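Taking it in order: structure first as structure tokens, then the write-up.
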Amino acid sequence: MSDTLGKLVEKTCQHPPGSCERRRSLSRLVRAIEQSGKLWKENVPYYEEAKQQMWLYCCRNLCEATTTKEPYNPALSRVTTWLDNYLKRRLYDLRVENGQPSPDFNNIPEPSAPPQTPPILEDVEDWVK
């Protein structure tokens, strides 16, 4: 499927920006990506909003960079990976806006060391003697 997606990206970018052909090709690409099941999914109320922002980003930056420094580069990643990264950033932003904690590892307690760890140098010296 990723080969198919890559070919759709290539075909889309062959058409001039704003043309009917470009819009039709973008629609085919969006449908193919949705049907691939490869997009990041998260069960949060603002997922659809983040996904809409991602599709807008895709349309604006797939072939030409209009809202970012560089357009999508197929040599660096698959289109689904590129979109997933953007989607995850939007989900994080919306999570922060909604005052929810991020799903990171900050809440995991740090493991504690044994009360008195013997210095390794003393163990080595004992072994040498």
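The values are calculated or read from the model by the stated rules, or taken from the named source; none is laboratory data. Values in this document were obtained by computation on a predicted structure and should not be read as measured data. We place every Cβ from the backbone using ideal geometry, glycine too, and count neighbours over all the protein chains shown. In case anyone asks, the SASA skips ligands and DNA or RNA and just uses the protein heavy atoms, side chains included. Shrake-Rupley method; radii C 1.70, N 1.55, O 1.52, S 1.80 Å.
With K and R counted +1 and D and E -1, the other residues having a Cβ less than 14 Å from that of Thr4 yield a net charge of +3.
The label point for Lys11 and the one for Arg89, both projected 7 Å from the Cα toward the Cβ, are 2.9 nm apart. With a Förster radius of 41 Å applied to the beta-carbon distance between Ser27 and Gln100, the computed FRET efficiency rounds to 0.80. Of Lys11, Lys69, Lys51, the residue with the largest accessible area leads and the full order is Lys69, Lys11, Lys51 (1.4 Å probe). The residues packed around Tyr46, meaning those with a beta-carbon under 10 Å from its beta-carbon, carry a net charge of -2 if Lys and Arg are +1 and Asp and Glu are -1.
Taking a quarter of the surface of the Cα convex hull of region 1-80 gives a mean projected area of 5.5 nm². Extension gain for the segment Trp55 to Ser77, taken as residue separation times 0.36 nm less the Cα-Cα distance, is 6.2 nm to one decimal. Under the simplified labelling scheme, the Val124-Lys69 pair shows an inter-label distance of 4.4 nm, with each label point 7 Å from Cα along Cα→Cβ. What whole-number distance in Å separates the alpha-carbon centres of region 53-105 and region 27-41? Going from one Cα centre to the other spans 15 Å.
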